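Okay, so here's the structure we're looking at.
Values in this text are rule-based calculations from the coordinates and carry no lab data. Source: prediction; values computed, not measured. So basically every Cβ, Gly included, is an ideal-geometry build from the backbone, and we count neighbours across all protein chains shown.
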Amino acid sequence: MSWLQRLKIDKFLLILVCVVVIASFFPCEGIYKTFFGYLTTAAIALLFFMHGAKLSREAIMAGISHWRLHVVVFLSTFALFPLLGLGMKWLVPVGILTPTLYYGFLYLCALPATVQSAIAYTSVAGGNIPAAICSASASSILGVFLSPVLVGLLMHTQGGTSDTLHAIGSIVLQLMVPFIIGHLCRPLIGAWVQRHKKIVNVTDRSSILLVVYVAFSEAVVQGIWHQINGWSLLAILGCSIVLLTIVLIINTCVARLFGFNTKDEITIVFCGSKKSLANGIPMANVLFPAAAVGAMVLPLMIFHQIQLMVCAVLASRYARRVAREDAAAQVKKEEVKTVSSVE
C-alpha cells in the first residue's frame, strides 16, 4: 500500500493542486491562451461525443423525463443558493466580509450551474449521466434569463442586457451538437466505446484538468493575487467552503429523503452545487461597472476552484460506492438466476 493510500489522499486531487500551482506561475496568455481554449473546447466536445455514443436512446429519454431530479437541481441552483447568499449579510457588520465581497457572493449565488465539470464529475462518480446532461444544460440556458433577474432582485446593477442568443448558441454548439452526433454514430462505434470505458474516463478527467488550468490562468491574469490581502483571501476561502458544504449536505439529505437512488443522488449533488465561472465572468462585464468587475467575480473565481477540488474527492468516493453496489447487484442477479435454473 502506497503512502497516498495510507493517508487516503486522492491522486486526482493532487494533480488538480499541481495544475493550480502551474497556472499560478505559468498562466496561459496570448497565443497560448487561444491554444488551450481551443484544446479545452475540443476535449469537452470529444467528451460529449463519447457520451452520446455510449448512451442508449432509452437512457436519454429516461434522463429527460426525470422531472423530480431536475426540479431538485433547479431549486438548489436558483433558490437555495440565493437564500444562503442573503443569509451571509450578517457577516458584514461583524467584519468577516466587506460589503464588496458580500455583493460578490450574492452575485455568485445568482449564477447558473457549470455544465462541463458537473457532467464530467457525474460521469467519474458513476452517476446518472443523461439526467446530468439535461439538468446542467437546462440550468445554463435558463440562467441566461434568470441570473440577471436574480442579480437585479438581490442588488442594484448597472449595464445592458446579455447576448442571450449567443449564449444559448454556444451551449448548443459546444455541448449538445457533439452529443447528438455521437449518439447518431452509436450504431457504428457504440460497441467499441462500451469495450473501452477507460478512454471515456480519461477524457472526463482530462477535460476537468484543462478547465481548471484555463479558468485559474484567467484568474491569475486578472490579478487575483494582487486584488486581495491575506484576511480577505481567508474570508473568501472560509465562506466558500462553508457555503459549498451546506449546499452539498442539503442536496444529499434531500436526495435521500425523497428516495432517489445512488446514481440520481450523485447527479443532484454535482449538478446542484456548481456555479459557472464561464458564464459568470462575461455576465459580470455586462451587469457591473468596469471598475467593479474584478472584485465582484473574485469570490466566484475562488469558489469555482474549491468546488472542483472538493468534488474531485467526492467523485472518487462515490465511484467506489457505485462499484460496490453494482457488484452486489450482479451477485444477487446471479443468485436469482441460479435459483431459477434449479427450479
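General remarks:
- Descending semi-axes in Å of region 10-155, equivalent ellipsoid built from Cα gyration tensor: 30, 25, 14
- Here the simple spin-label model places points 7 Å from the Cα toward Cβ, and for V177 and R68 these points are separated by 3.7 nm.
- At R0 = 25 Å, FRET efficiency that the Cβ-Cβ distance of F25 and N229 yields, to 0.05: 0.75
- Evaluated at q = 0.17 Å⁻¹: base-10 log I(q)/I(0), Debye formula over Cα of region 70-156: -0.73
- Point-to-point label distance, K11-A328, nm (Cα→Cβ direction, 7 Å offset): 2.7
- Point-to-point label distance, L237-L188, nm (Cα→Cβ direction, 7 Å offset): 5.0
- Environment charge of L244, counting only residues whose C-beta is closer than 12 Å and scoring Lys/Arg +1, Asp/Glu -1: +2
- Positive minus negative residues near A191 (Lys, Arg vs Asp, Glu; Cβ under 15 Å): +4
- Restraint check, K198/K263; K263/K333; K54/K198; K11/K54; K197/K274, Cα-Cα greater than 21 Å: K11/K54; K197/K274
- Charge tally in the Cβ shell below 11 Å around T114, where Lys, Arg are +1 and Asp, Glu are -1, T114 excluded: +2
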